[in-house]
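Engineer: My structure is below; once you've seen it, I'll send some questions.
The values are calculated or read from the model by the stated rules, or taken from the named source; none is laboratory data. Source: prediction; values computed, not measured. When we count neighbours, we look across all protein chains shown, and the Cβ atoms used for this are built from the backbone with ideal geometry, even at glycine.
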Amino acid sequence: MLALTGWMRPLTTLFAGVVMFVATAPSAAQAPIDPTRRFRIASVASGMCWDVPNGVFRAGAVIQQYPCHDGENQQWAIHSIDAGINGGVIRSADNTNFCVTKNAADGLELQVCVLRRGGSAAQLWRISGFGINRRLDRLTNVQNSECADVPGGSLTPATLQTFVCNNGANQVWVLLPATP
């Protein structure tokens, strides 16, 4: 029996198959992310997923962590730009004109944005640590070089932000399969 400790414990509330993905060692080779696949992006620290409150996709809407479900407001697709060297765009799986950006005003909150052709630097994310186990060691915003972050490692619903990368569990993510 695998003993779950530290960052793996919150994932037991999701479903058993995910724990097996996370519990395996990261792959040395990074597998490409299929842009046609739908994912929920879950925090390793809280077990909660990226969520657009009330499913209202509009420019400037915040992105929060919220208990995972199969609603469209938690389904994302990751589109690589130049094989991921300079980053990729995280888009709504159903509303493909909407993407994830950092707040232009304060540079912190993660927000919904209208996708610009090719993605602006604020709309691009470097994805590191993605392997067969679907674990993302970090999502780094290309414009400010900060990581997607759960503020203070909150275990309750909270608005996501970018913050100085620090290798904390609140900056580690796992991709969960999502169904339309």
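Engineer: Do you know which residues across the range 161-180 are in contact with an Asp or Glu (Cβ under 7 Å, 6 or more places away or on another chain), closer than 22 Å to E109 by Cβ and of a type in the set (A, V, I, L, M)?
Structural biologist: Passing the criteria: V164, V172.
Engineer: What is the residue count in the range 51-66 for residues that are in a loop (DSSP other than H, G, I, E, B) and closer than 23 Å to N167 by Cβ?
Structural biologist: Qualifying residue count for the region: 1.
Engineer: Still on this structure, please answer the following. Find all pairs meeting these conditions: Cβ atoms under 8 angstrom apart; at least six residues apart or on different chains; first residue within the range 38-49 and at positive phi; second residue modelled with pLDDT under 95 and not hydroxyl-bearing (S, T, Y).
Structural biologist: Listed pairs, sorted by first residue: G47/P10; G47/L11; G47/L14.
Engineer: A further question on this structure: Among what's in the range 34-80 and is under 22 Å from G168 (Cβ atoms) and among the hydroxyl-bearing types (S, T, Y), pick the residue that is surrounded by the fewest Cβ atoms within 10 Å (Cβ to Cβ).
Structural biologist: Y66
Engineer: Does the range 29-50 contain any residue that is outside any loop (DSSP other than H, G, I, E, B), farther than 23 Å from T179 by Cβ and either at pLDDT below 85 or not hydroxyl-bearing (S, T, Y) (or both)?
Structural biologist: Among the residues of the range 29-50, not one is outside any loop (DSSP other than H, G, I, E, B), farther than 23 Å from T179 by Cβ and either at pLDDT below 85 or not hydroxyl-bearing (S, T, Y) (or both), which makes the answer no.
Engineer: While we're on this one: Search the range 154-180 for residues that are without any contact (Cβ under 8 Å) to a residue 60 or more places away in the chain and pair each with any residue that is hydrophobic (A, V, I, L, M, F, W, C) when their beta-carbon atoms are under 7 Å apart and the residues are at least 6 apart or on different chains.
Structural biologist: Once the first residue is without any contact (Cβ under 8 Å) to a residue 60 or more places away in the chain and sits in the range 154-180, its partners that are hydrophobic (A, V, I, L, M, F, W, C) give Q161/L108; Q161/L110; F163/C147; C165/C147; Q171/C147; Q171/A148; Q171/C165.
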